[in-house]
Amino acid sequence: KQYDIAIENLEKYVELTDNPTGKYQLGKAYLFVGKNLDKAVKIYKYYIKNYRGFSNKNYIPDINGAYWRLGLVYERKGDLGKAKKTYEKALKYDGLNGYVIKAINNLGKNIDEILNGNKTDYISGDDAVFDMDFLIKALETSHPDLYAYTNVDTMKKKSETLKSDLPDSISIIDFAKITSKYVAGFGDGHTFVHLPFNKYYSNIDELAFPFDVVIQDGTVLIENVYNENDSIYIGNEILSINQ
């Protein structure tokens, strides 16, 4: 029911702004509800085709994410062949994208996991070690000069110490803080770990502003949310902010 409201708001928002992020989120809402999947396919194909011409690419979902979402739509339509091919296209843009790699390995099961979710806010120590190793591999593969301000031995010792100190189970937010501190040790201000916003804003006890907004004709509209539970508000106008 919440997604039906989100779809109604998003359709109005997209009609008003023709905003690519709004279209992307509308496709996502169609995916979650399981309706208008052909429209969702068209949305993501359009997004992929026109991505190069979009402005403000730092503030919109990347093309890799659009391929991933398109693959999920095909999977929900029951076309696993097209889903797999679409995921593989995504890897051409980012061969180390964890979401896409997981989607390929989990082919045929992704929709159930998305809808029913892995509700836990914790991961096992073994999974954390795997993620840590994957993070280091991704950095070493993609960064042009990762060890410019430090050295391999120093960072290797730090990573081994961190992995050995990991508990049997750790919260996703706490693990993000550990990896964020580790990555900061490279001394490169352009390399950092994003906080898992959805988890963070779902558990925060203090005031926060978990939205991206766009100003259209003097009206402030919610463009994106960091907490999935707030998806129904996408496209709504912000009239005031509590203090």
Exercise for the section: List the residues whose amide H sits under 5 Å from the amide H of residue 122, counting only those 5 or more places along or on another chain, with H placed 1.01 Å from N in the peptide plane. Expected result: 172
Completion exercise
Over 22 Å (Cα to Cα) among 28/77; 28/102; 45/137; 23/49 -> 45/137
Practice task
Give a residue-ordered list of calculated ³J(HN,Hα) values for region 216-222 (Karplus: 6.51 cos²θ - 1.76 cosθ + 1.60, θ = phi - 60°; whole Hz; x for Gly, Pro).
Solution key: 10, 6, x, 9, 8, 10, 6
Handout entry: In Hz, Karplus ³J(HN,Hα) per residue of region 44-58 (6.51, -1.76, 1.60; θ = phi - 60°; x = Gly, Pro)
Key = 6, 5, 4, 4, 5, 5, 9, 4, 4, x, 6, 8, 6, 5, 6
Practice task
Heads up, I need the accessible area for residue 140: 1.4 angstrom probe, whole protein in place, Å², nearest 10.
Solution key: 100
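Expressed as a whole percentage, what fraction of the accessible surface of the chain belongs to carbon and sulfur atoms when a 1.4 Å probe is rolled over the protein heavy atoms? Before the final figure, lay out the partial values.
On the way: 7280 of 14740 Å².
After summing per-atom areas, the C and S share lands at 49 percent.
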Handout entry: Amide H contacts under 5 Å for residue 220, placed H, 5+ residues apart
Key = 238
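May I have the convex hull volume per residue, in Å³, for the Cα set of region 1-155?
Working: hull volume 23.1 nm³, N = 155.
Taking the convex hull of the Cα positions in region 1-155, it is 149 Å³ per residue.
What is the packing order of peptides 128-139, 5-16, taking the mean over residues of other C-beta atoms within 10 Å and listing the highest first? Can you show the working numbers first?
Working: 128-139: 15.6, 5-16: 18.4.
Top to bottom by mean Cβ count within 10 Å: 5-16, 128-139.
Can you give me the relative contact order of the chain as a percent, contacts being Cα pairs under 8 Å and 6 or more apart? Display every interim value, and only then the final one.
Values: 267 pairs, mean separation 44.1, N = 243.
Normalised by residue count, the contact order of the chain is 18 percent.
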Problem - Candidate aspartates and glutamates - alpha carbon under 18 Å from residue 39, same-chain residues fewer than 8 apart omitted - result: 4, 8, 11, 15, 18, 75, 79
Practice task
Could you tell me the accessible area of residue 100 in Å² (1.4 Å probe, neighbours in place), rounded to the nearest ten?
Solution key: 0
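The values are calculated or read from the model by the stated rules, or taken from the named source; none is laboratory data. All of these numbers come straight from a predicted model, not from anything done at the bench. Neighbour counts run over all protein chains shown; Cβ positions are idealised from the backbone, glycine included. Surface areas here come from the heavy atoms of the whole protein model, side chains and all, with no ligands, DNA or RNA. Shrake-Rupley method; radii C 1.70, N 1.55, O 1.52, S 1.80 Å.
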